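Since the structure comes first, as structure tokens, the remarks are kept for the end.
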Amino acid sequence: MRMTLRLFMAKQEPNFEVLAGAGGVALGEARTNHEGRKAILLIRGQEDTTEFESLINTMGIVIVESIYQPGEQDPKGYFGKGRLQDVSDELRLRVAGHPWQGVDLVLIHTNATPRQLVAVSDATKVEVWDRVRLLLSLFNAHANSLEARTQVRIARLQSDRTVLRELANQTTTGERAGYGGGGVTALQAVIANVNRELTSLRKRQKKHSKAQAERRRQRTRSGAVTVGFAGYTNAGKSSLFLKMSGKEVLVEDKLFSTLETTVGRLAASPRVLLADTIGFIDNLPSATLDAFRATLSEALECDLLVVLVDATDSIRELERKISATQREINARYLNQDELENLDERKIMCALTKIESLTTEQLLEKKSIVKRHGYSSLLAISVHQEIGLEEFQDAMLKQLFGNTVTIKLINSETGRSIEGYLSDVYESGMIIDKKQEKNGDILVDVWINQQSLARLVSNSNGRIEVK
Ligand SMILES: Nc1nc2c(ncn2[C@@H]2O[C@H](COP(=O)(O)OP(=O)(O)OP(=O)(O)O)[C@@H](O)[C@H]2O)c(=O)[nH]1
Ligand SMILES: [Mg+2]
């Protein structure tokens, strides 16, 4: 296979060869299943590769060898020229029995510039992914809904466009030997196609997010409140969502199992909606993140934001992930107004997967989270069902304040008291109920002010707040 940098291209041009010869670019739908692919990994300096490797594992790709070069990244080719040549020679000369037999992917442990990507691709002549391309391929493999596919494709096309522009630039300046004006024209035609597709995808995305915003407005009007679950990828958002709503979502020990927002009702109260969404990751370029903005705002524009933090991470990872999560939430998804009123905005935090932690470990991790400014902090385990009731109570308390005691007045005439009771069940969450001798019913309920006012005014005087 001579193709090098596989681009995820406009459908109109399947396998269209932009450039011939060394460093050619083949265009076509990127594959979605990478299970069992063999790759080599290039690493500069002393970087921590743990997260990168778990992204790779998630996709079922096998790293046959990691190759290190000390020192700073080379802006031209990531590795220095000589070292890159060594890798290239070894790839070319591999014979039967060579450990690199079957390697068709080179991974670079960085968010590479288009120039670096093109250079590594030119040298190695197999497919090349940097961190962003790895993430995009992972998103692509996990995108199941139309919405997710649309946003992933937007991100992918944007990223491919930067490489195409680099190629066009190198061709124009004569840096790429052997390609004349025909190469540039062909590249520009492809770029134009990409632009066209991007425009139409963005239109589709806009339409979808408008419809979502309208649904959100309707929910608010009907008196429902929304709790958004946010957090680093794999923090346990979908597991908690499933536990509390009973609504089936994908839970996997994989990064980015979830790519879109799912809204479900809190099992204990239909008035409370929960929103599970895509997780955050450190250091994603803003153009890539923007593609997911609509999905995220579906969950983050909520009455209460719950930030989930995986307590099983090391202290260092915990700090890194909380910081990344906060950066994303603060910088991108709260508008200026909300940022200024951050104190009033309802945010709480929960440490997840705590069942295997010792008391000391939990205390230490709690104090780290608190240092990041989360004063309202809980600790839960979905698997062992620890702290879930407290979590639900804390959530309801943040949303509604304290419980309200309501009296339902019994009467021989008019609507039955059970009818009114069912109205209360519909509007809030009943936590205690007592029937008095005269048939009146007293209930303690978590309810928002708006719903309470509506209940009382529609009750013909049969519902009173105590
Ligand atoms: N030990 C333990 N593992 C848990 C718990 N809750 C969730 N997990 C595991 O953590 C992994 C990730 O869970 P998900 O619920 O998919 O996490 P997520 O935040 O939705 O992840 P993405 O959608 O991929 O970003 C799964 O393997 C879960 O089984 C828990 O209470 N204890
Ligand atoms: Mg999930």
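The values are calculated or read from the model by the stated rules, or taken from the named source; none is laboratory data. All values derive from a computational prediction rather than experimental measurement. Glycine also receives a Cβ, built like all others from the backbone with ideal geometry; neighbour counts cover every protein chain displayed. With ligands, DNA and RNA removed, areas are computed over all heavy atoms of the protein, side chains included. Shrake-Rupley method; radii C 1.70, N 1.55, O 1.52, S 1.80 Å.
Quick notes on this one:
- Per residue accessible area of the chain, 1.4 Å probe, in Å²: 46 Å²
- 21 Å Cα-Cα reach of residue 125 towards lysines, excluding residues that sit fewer than 8 places from it in its own chain: 38, 76, 81
- Coil-residue trypsin sites (Lys or Arg not before Pro) of the range 380-458, DSSP, other Cβ within 10 Å capped at 16: 415, 437
- Lysines with Cα under 25 Å of residue 203, excluding same-chain neighbours fewer than 8 positions away: 11
- Candidates per GluC sites (Glu not before Pro) in the range 364-417, loop by DSSP, up to 12 other Cβ within 10 Å: 385, 412
- Note on the range 340-466: Lys pairs 8 or more places apart or on different chains, Cα atoms under 17 Å apart, count 10.
- Taking the range 51-162 and dividing mean pair separation by its residue count, relative contact order in percent (alpha carbons under 8 Å, at least six apart): 25 percent
- Overall, the chain carries a charge dipole of about 1400 debye about its Cα centre when +1 sits on the Cβ of Lys and Arg and -1 on the Cβ of Asp and Glu, all other atoms neutral.
- A Cβ-based charge dipole, computed about the Cα centre of the range 406-466 with Lys and Arg at +1 and Asp and Glu at -1, lands at about 100 debye.
- Environment charge at residue 60 (Cβ cut-off 9 Å; Lys +1, Arg +1, Asp -1, Glu -1): 0
- Structural descriptor for the range 145-221: relative contact order 38 percent, calculated from alpha carbon pairs under 8 angstrom and at least 6 residues apart.
- 3J(HN,Hα) couplings calculated from phi for the range 105-118 with the Karplus curve 6.51 cos²θ - 1.76 cosθ + 1.60 (θ = phi - 60°) are, in sequence order, 8, 10, 9, 10, 7, 6, 8, 6, 7, x, 4, 5, 4, 5 Hz; Gly and Pro show x.
- Here the chain carries DSSP beta bridges of which approximately 35% are antiparallel, counting only pairs with both residues inside.
- DSSP beta bridges in the range 223-400 [antiparallel fraction, %, rounded to 5]: 25 percent
- Relative contact order for the range 404-465, counting Cα pairs under 8 Å that sit 6 or more residues apart, in percent: 44 percent
- In sequence order, calculated HN-Hα J values of the range 127-132 (Karplus, 6.51, -1.76, 1.60; Hz; x Gly/Pro): 4, 10, 10, 9, 5, 5
- The range 161-240 and the range 391-466: distance between their alpha carbon centers, rounded to Å: 47 Å
- Net charge of Cβ neighbours under 11 Å - reference residue 308; Lys, Arg +1; Asp, Glu -1: +1
- Helix-only [θ]222 nm of the chain, DSSP H runs n ≥ 4, -39500 (n - 2.57) each, per residue, nearest 500: -13500 deg cm²/dmol
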